[in-house]
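The values are calculated or read from the model by the stated rules, or taken from the named source; none is laboratory data. Fair warning: this is a prediction, and the values are worked out from it, not measured in the lab. FYI the Cβ positions are ideal-geometry reconstructions off the backbone, even for glycines, and counts take in every protein chain you see.
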Amino acid sequence: MTEDAKPAGPRIGATYKDSTPYWPDAARPPKGAPNILVVLFDDVGFSDFGCYGSPIETPTIDALAARGLRYTGFHTTAMCSTTRAALLTGRNHHSVGVGCLANFDSGYPGYRGKIAREAGTIAEMLRGEGYRNYMVGKWHVTPLTETGPTGPFDGWPLGRGFDRYYGFMDAETDQYAPELVADNSPIAPPGTYASGYHLTADLVDQSIRFIAEHIAGAPDRPWLTWLALGACHAPHQAPDALIRKYAEVFKEGWDVERERRLARQKKLGIVPKNTQLPPRNEFVQPWEAHVPDEQRLFARLQGAYAAMLDHADQHLARLVAFLEQAGVMDDTLVLVLSDNGASQEGGPLGMVNAMGPFNFKPEPMAEKIARIDDIGGPDTHSNFPFGWAMASNTPLRRYKQNTHGGGIRDPLVIAWPGRLAARGELRHQFCHAGDVVPTLLELIGIEPPDSIAGVAQQPLEGVSFAASLANASAPERAQPQYFEMFGHRGLWSDGWKAVAFHPPGTEFDEDVWELYNLSKDFSETNDLAEKEPERLKALVDQWWAAAERYKVLPLDDRFGPRFAENAKRTHGRREYVFHAGVGHIPTDAAPDVRGRTYRIEADVRVPDGGADGVLIAHGDATSGYSLYVKDGRLTHDLNIGGAHRIITADQPVPAGDHVLGFHMSQANGQRTGTLLIDGKPCGAAPLDLGFNTLIAWSGLDIGLDRGSPVSHYAAPFKFTGTLRKVTMIMDADQLVDAEAAGQAEMARQ
């Protein structure tokens, strides 16, 4: 061994005098490796940032664009879980096992709902290079049945390369009473609606905290911070003053707004001057076809969406200001993007509280209008109508879930003040969510690892577009890119696109393929399928070859059966025991009481003088059930979309040890709820509304009701007696409308 050679390890002798210590070198990134900040918006359409043509005020995002680049050819996968899987891994979403959603496992390799270990995330790749990785916000690439208190945690952020996590695991959450997780544990939100809390502000606070603590502890190491906001996914919740402001901005309707946005986009150079506005999407009526009260409602619903985006931009400004103050902005590569196009889940008329319709409680127009001033508040789950989603995606056709432009073409802003010379420039090259990881690796100067934690890695399938950051004329990628979601299909190749809209429930062979020359037809308005059948056939053949290669098959457009099969497979338990001290249980890991006979038994001790409080509660103010004691009497509330069916005991609960219960029975289409004290009925009533499709998207609490209260009490309304345990026993007579349940789950994504 030469004098300068480093030993391979310590030499161990009998004592320290004849031993040699050894300290292995820590992993070090290449010199000049940047910090990376990814700001991922949810369900924000192509035209919604101000710098992409919107009147919504996004000065922070616009300023980042002015210090860098806007891409007009960035494409996603049409849904949230799937885009996240591609963004995190640099591979196609089917290839890594997230062909559809994290909500279910279809039993096929491309549809596990969980990122395969063979597909390392960017955090896992960078960890091996000495980066520290911080995840904040929405995750949604872990099966929701694995988000409960026992995991398994291998698919959670800390199990996939992130060092710290603060956020929510599901597709969505209430912005005033979110279901928060810190690292691997559920936690209560640090504030309430009444105290001025909003999740967006909290997520930005935590991002600043993580980065500040990183600078304090490891200032010489780069970091990755992945900030995945809830904005602008439903529920659309934002400050009331902002909502009313934007209701005025949009009072002239979606037809006028589309025309204005397209004109701005042409002026900005976002789209070519010859871009045509497509006809309205199916089921969208002309604005003038709606009466004034409907127009006022629709403008307010759009106001809530716009306010949520404006509000998020205001808080993003705090994060950017902190990076400037800390002196790290120049060394930080910033990406701001959306995960798919604007959402169609609000339906043709929008919703003030979606939980009613999803549980078969209609929300007639008169009720929507009567609640117009509640929109965006803590007891609403609002979403805007088709027409506004169409305007968000201007000038593109269709929406999220679809493989036409409105579902998969999204904004992407990139800024790197200290290293990127471009200022306010546009890039028109095609790029895809799966291309982001290869681009980041090239910019850092590292190769993807062959193995992570002993698992051989799949090759990256994305293509780096790093060259385009410095060169507006950089060649476009030569590799075709396929798309698929619920049977909707598409393939881009060399500026051409073949695309098929798939009506659910129809035969796939009946789908009509369309053909567009995107280099001349940005908005997919001139179908060339009849004029160029050979080109179309070649692209369709390429799609089938890609589908086989990347685990897209088998095609499956069934919403209801897929969710029903998953529920049967993962909710087979008939008995649950929750001892005192059990924390929050997410809804997909909680007992499934939908459409069945079941019994709740709470083992309690009531002190002299009585006790009040929640025994068990599942849901929130928009929908759910709660068993509690109030004013000394056992009470059960079945809350369907804000309509409360309350049963109160005919006698107070006496002091001492008792089993307080509730029995839901169903027979011949009739459901009856019965309150029980030590097995003896003390109150009953028929329940004309029950859970046929879902309970709520908020989870279950024992001994309190944290966050948004299910019933008429002030949260958390903690039980003041002694609660030893709650037992739930369910019969096998479950009757759930699988198709409706599937549609409700789809609206959650």
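General remarks:
- Complete set of residues in the range 460-494 that are under 30 Å from the mean Cα position of the chain (by Cα) and without any contact (Cβ under 8 Å) to a residue 24 or more places away in the chain: GLN479
- Some residue of the range 422-436 being out of contact with any Ser or Thr (no Cβ under 8 Å at 6 or more places or on another chain), under 21 Å from LEU224 (Cβ atoms), assigned to a helix (DSSP H, G or I) and at pLDDT 95 or above: yes
- Selection status of PRO21, touching a residue at least 60 places away in the same chain (Cβ under 8 Å), surrounded by fewer than 21 Cβ atoms within 10 Å (Cβ to Cβ) and either assigned by TED's automatic domain parsing to the domain that holds PHE465 or farther than 25 Å from PRO272 by Cα (or both): no
- Residue pairs whose Cβ atoms lie under 9 Å apart, separated by 6 or more positions or on different chains, with the first residue in the range 243-260 and outside any loop (DSSP other than H, G, I, E, B) and the second at pLDDT 95 or above and basic (Lys, Arg), are ILE243/ARG300; ARG244/ARG300; TYR246/ARG300; ALA247/ARG296; ALA247/ARG300; TRP254/ARG280; ASP255/ARG280; ARG258/ARG280.
- Filtered residues of the range 529-545 (kept if touching a Phe, Trp or Tyr at 6+ places or on another chain (Cβ under 7 Å) and either in a loop (DSSP other than H, G, I, E, B) or of a type in the set (Gly, Ala, Ser) (or both)): ALA529
- Among residues of the range 571-583 that are surrounded by 10 or more Cβ atoms within 10 Å (Cβ to Cβ), those with a Cβ under 6 angstrom from a residue that is not β-branched (Val, Ile, Thr) and not in a strand (DSSP E or B), sequence gap 6+ or separate chain, pair up as HIS571/ASP592; TYR576/PRO591.
- For the residues GLY327, GLY347, the requirement of being touching a strand residue (DSSP E or B) at 6+ places or on another chain (Cβ under 9 Å), outside any helix (DSSP H, G or I) and either modelled with pLDDT under 95 or not charged (D, E, K, R) (or both) singles out GLY347.
- Test: residue in the range 629-645 that is surrounded by fewer than 24 Cβ atoms within 10 Å (Cβ to Cβ), aliphatic (A, V, I, L, M) and touching a Ser or Thr at 6+ places or on another chain (Cβ under 8 Å): no
- Here the range 107-164 is the region considered, the condition is being among the β-branched types (Val, Ile, Thr) and in a helix (DSSP H, G or I), and the residue that is farthest from the chain's Cα centre (by Cα) is ILE122.
- Taking the range 319-376 as the range and being polar (S, T, N, Q) and within 30 Å of PRO219 (Cβ to Cβ) as the test, the residues that pass are GLN325, THR332.
- Counting the residues of the range 178-187 that are more than 16 Å from the chain's Cα centre (by Cα) and either outside the structural domain of ASP339 (by TED's automatic domain parsing) or assigned to a loop (DSSP other than H, G, I, E, B) (or both) gives 2.
- Exactly one residue among TYR52, TYR16 is free of Cβ contacts under 8 Å to residues at least 24 places away in the same chain and either on the phi > 0 side of the Ramachandran plot or among the hydroxyl-bearing types (Ser, Thr, Tyr) (or both), and that residue is TYR16.
- Applying the condition of being surrounded by 12 or more Cβ atoms within 10 Å (Cβ to Cβ) and of a type in the set (Gly, Ala, Ser) to the range 498-521 and asking which residue is modelled with the lowest pLDDT yields SER519.
- Residue count for the range 688-733, restricted to those that are within 23 Å of GLY656 (Cβ to Cβ) and either without any contact (Cβ under 8 Å) to a residue 60 or more places away in the chain or in a loop (DSSP other than H, G, I, E, B) (or both): 6.
This table checks each residue for (1) over 35 Å from the mean Cα position of the chain (by Cα); (2) part of a strand (DSSP E or B); (3) in the same structural domain as LEU735 (by TED's automatic domain parsing).
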{"position": "TYR628", "(1), (2), (3)": "no, yes, yes"}
{"position": "LEU634", "(1), (2), (3)": "yes, yes, yes"}
{"position": "ASP637", "(1), (2), (3)": "no, yes, yes"}
{"position": "HIS644", "(1), (2), (3)": "no, yes, yes"}
{"position": "GLN651", "(1), (2), (3)": "yes, no, yes"}
{"position": "PRO654", "(1), (2), (3)": "yes, no, yes"}
{"position": "VAL659", "(1), (2), (3)": "yes, yes, yes"}
{"position": "ARG671", "(1), (2), (3)": "no, yes, yes"}
{"position": "GLY683", "(1), (2), (3)": "yes, yes, yes"}
